[in-house]
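The next block holds one structure in the form of structure tokens; read it before the comments.
Every number in this text was worked out from the coordinates using simple rules, so none of it is lab data. Note that this is a predicted model, so its numbers are computed, not measured. Don't worry about glycine lacking a Cβ; one is built from the backbone with ideal geometry, like all the others, and counts go over all protein chains shown.
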């Protein structure tokens, strides 16, 4: 099945000793608390009401008092009316007058990018406890995921609409060049669903087979309905603080070993735009800062707006060489518990809830803390978390590690 | 000429992009070439993305290229294309360097594999709207 030269690692090789690695990691900020609101279809809620619910949960999780928050970073939901002034509305609602604040819109790269901003603020001393918050009612409040992308009027004229089409273009070229198949994409969806069924908070609990995937209706060929993420209402909050403060928090501290970003802001102007070359840069920057490589990663939360995205990440993160992610995910064994690289252990955007990558960070934290219950990856000490957004433009990455 | 949908998305013609659309009407695919850098750019823009110079000339292209990727819309996202579903959208690598979105005619034809050679054709969809689209090179 796998061609020669893959970088796959036997599970037994993992978790041998991360002590040497840990000494090289950046580790100047830690995640002390994570929280999520209810997820799914939540009529009557607003992005801000859900964000408040998530922040209450994150504060409870951390044992840190609201009064200690001196940083507030926010991502407007797709249905938030405030746009770039979202931080103002949320700060007023939450009763926070911070030393450091702002809002950022990078789509699925925002969650990681805001945790990075928080970490930088903490490392420079500009803040000591930063709440990063996102809330959305994309499911019940309407969303704009189906509109035409691109500058001016250049794309819709030819019928190029919606988010699925961008990823479908990448999927089709990956298939044409490397022989990747729709069934292989199906294994990503099936594995996500299997993991979601071990997560009581996941919104999608019905079993799924590759046959279900293959018989789901085509959306933008080669992507089918079950290649696409779900659309959800919900909110997530993440509390970032100093390693010292995190050590005194209620739960075991999770350290930010490394972090990075990469962006292809030109669309048609970049020859390999379809392959998202910035994602490989984003991850290598993060690895360098953390002093780790792909072999050190015990578990990964890879942004999965569409199944094909997971294949790109596996290649960009160096788990497999370019073009070989299809065979790697086939059968699902390598990407689930006991496999070479368990991914998206809570179900991801495909089956947990579409919180635009925010829940990927939450699950990374839970895996490192060892509190993921039936879906815990045994001995997980290092987790890679990735996010991507806009028209295949933005990427952010966190390497989370045990200890403060 | 393909079937004309009841409602179409018209190009927003501006002083800057008018030569592009007038070129299509006249059967010529032309793009902006930066005078200092020589860089050929698309979409139409008021500055060169390599050197930021505003100085350019319109240059006629060969209309030759190959398919970077091709997808098939199997559901409707917009009324203007509702009647066309299923239709293809292609990303074309033009011989001279730029890339553009377009369609292969007929729009209902199956997505061509990456690397297929194509050439531009000019599809008059209304009296005053002509879209550059592509056909496989025989």
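Of the DSSP beta bridges with both residues in the protein assembly as shown, give the percent that are antiparallel, rounding to the nearest 5. Intermediate values should be presented prior to the final figure.
Details: 70 of 84 bridges.
Bridges in the protein assembly as shown that DSSP calls antiparallel: roughly 85 percent.
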- In percent, how large is the relative contact order of chain A, given Cα pairs closer than 8 Å and 6 or more residues apart? 27 percent
- Average partner chain C-beta neighbours within 10 Å, per residue of A:159-167? 6
- Between the alpha-carbon centers of region B:84-108 and region A:261-289, tell me the distance in whole angstrom. 24 Å
- Provide the convex hull volume over Cα atoms per residue for region A:293-360, in Å³. 82 Å³
- Can you list the residues of region A:275-302 with backbone N under 11 Å from a point 7 Å past the Cα of residue A:123, pointing along Cα to Cβ? A:286, A:289-290
- Message: Quick check: convex hull over the Cα atoms of region A:242-284, volume per residue in Å³, rounded to an integer?
- Response: 95 Å³
- Which whole number in µm²/s is D for region A:62-121 by Stokes-Einstein, with the Kirkwood Rh taken over Cα pairs at 10 °C and 1.306 mPa s? 131 µm²/s
- Taking every DSSP bridge whose two residues both lie in chain B, the antiparallel percent to the nearest 5 is 95 percent
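I need the peptides A:56-64, A:350-358 ranked by packing, meaning the mean over residues of other C-beta atoms within 10 angstrom, with the highest value on top. If you can, show how the numbers build up before the last one.
Details: A:56-64: 20.0, A:350-358: 30.3.
Packing order, densest peptide first, comes out as A:350-358, A:56-64.
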- Query: Cα centroid distance between region A:207-246 and region A:348-404, in Å?
  - Reply: 12 Å
- Query: Which distance in Å, rounded to a whole number, links the C-alpha centroids of region A:19-55 and region A:57-112?
  - Reply: 11 Å
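Averaged over peptide A:265-272, how many Cβ atoms belonging to another chain are found within 10 Å of each residue's Cβ? Intermediate results must be reported in sequence, preceding the final value.
On the way: counts 1, 1, 4, 11, 9, 1, 4, 1.
Neighbouring Cβ atoms belonging to other protein chains average 4 per residue here.
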- Query: What percentage of all Cα-Cα pairs in region A:144-290 are separated by more than 19 Å?
  - Reply: 70 percent
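Stick to the Cα atoms of region A:233-348, pair each with every other, and give me the Kirkwood hydrodynamic radius in Å at one decimal.
Values: mean 1/r = 0.0619 Å⁻¹.
Computed over Cα pairs of region A:233-348, the Kirkwood hydrodynamic radius comes out at 16.2 Å.
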- Item | the protein assembly as shown pair-distance distribution - Cα-Cα, 10 Å bins, rounded % | 4, 18, 27, 24, 17, 8, 1, 0
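Kindly identify region A:158-231 as rounded, prolate or oblate by the Cα gyration tensor criterion: order the square roots of the eigenvalues as a ≥ b ≥ c, call it rounded if a/c is under 1.5, otherwise compare a/b with b/c, prolate if a/b is larger, else oblate.
On the way: a/c = 2.34, a/b = 1.61, b/c = 1.46.
Note, shape of region A:158-231 comes out prolate.
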